[in-house]
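Novice: Dropping the structure in here first, questions after.
A short reminder: the numbers here are calculations on the coordinates, not readings from a lab. Remember, it's a predicted structure, so these values are computed and weren't measured experimentally. Every residue, glycine among them, receives a Cβ derived from its backbone with ideal geometry; neighbour counts consider all protein chains shown.
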Amino acid sequence: MTLPDLAAVGLDYSVAGPVATITLDRPDVRNAQTPAMWRALAAIGREIPDDVRVVVVTGRGETFSAGLDRAMLDPATHGQESVIGLLSLSDEEASAAIDEFQRGFTFLREPRFVSVAVVRGYAIGAGFQLALSCDLRVVADDAQFSMKESALGLVPDLTGTKPLVESVGYARALEICATARMVGAREAVDIGLVNMAVPVADLDATVADLVAALAAPMADVVSETKTLLQGAADRDLDEQRRLEREAQIRRFRALADAFAG
């Protein structure tokens, strides 16, 4: 499968050994997102090589993403690239279109790699949801998060609601979404929304150290662990114990093969 013209939709994608990097590359509009970008993200997700173990998602310039490109709300913007275009569809057609958009976010949860959002400046609306789609979030101390959808008369629909509740709990998630307020980096750490916040000047080095640590263990160890942890809260103890046993036996076999080789 061939990737679309990524530059045309404001994306950059590269792979270096076990690390893939996806960069939102529209700094002139603070990396605002469009449906074309979401479809391209989904295409990237399908193309990531099997030997990639870490996927880094970042934004060019001083802002991670200001969210939905406001041109998508302009009645003069025609077709399914606009909110007005979606309104012209039947419920079934609109649902199918949104499902396609969501696939640009869901691939980041795949167990075969760990995804890391690197956030500078604002992560608003769709930008917030893209960061939430990643397993880990490392941010600069100037980071600001906001779920702006309610201020536009909309709801978050790019897969951000589940990870938000899982990170901060139902009550806090409701308050953040309903008020559309800003959540700064320090608060984001305190409430469990992000893993760490560091000075802007230290962000790249911090991420490089984290990526190296994630890529260091033997192949498949981190993906097995991610699979165990995903959904653990929804399983009973006996089911979780069974999955742990099965995963550990696979690790024993892999280690035996490695030593034999």
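Novice: What ranking do 84-91, 131-138, 174-181 get when scored by the average of other Cβ atoms within 10 Å per residue, highest first?
Specialist: 131-138, 174-181, 84-91
Novice: Here's another thing I want to ask about it. Out of the DSSP beta bridges found with both residues in the chain, what percent are antiparallel (nearest 5)?
Specialist: Antiparallel bridges: around 25 percent, rounded to the nearest 5.
Novice: So which GluC sites (Glu not before Pro) in region 18-99 are both in a DSSP loop and have at most 16 other Cβ atoms within 10 Å of their Cβ? Walk me through the numbers before you get to the answer.
Specialist: Details: sites: Glu47, Glu62, Glu81, Glu92, Glu93; in loops: Glu62.
Loop-located and lightly packed - Glu62.
Novice: Whole-Hz ³J(HN,Hα) for each residue in region 41-55, computed from phi via Karplus 6.51 cos²θ - 1.76 cosθ + 1.60 with θ = phi - 60°, x for glycine and proline: what do you get?
Specialist: Once rounded to whole Hz, the list reads 4, 4, 5, 4, x, 6, 9, 4, x, 5, 8, 6, 10, 9, 10.
Novice: Only helical DSSP H runs with n ≥ 4 go in: add -39500 (n - 2.57) per run for the chain, normalise by residue count and round the 222 nm mean residue ellipticity to 500 deg cm²/dmol.
Specialist: -13500 deg cm²/dmol
Novice: If each of Glu166 and Ala16 carries a label point 7 Å out from its Cα toward its Cβ, how far apart are those two points in nm?
Specialist: 2.9
Novice: While we're here: Counting only other residues whose beta carbon sits under 13 Å from that of Ile44, what net charge do I get with K and R as +1, D and E as -1?
Specialist: -2
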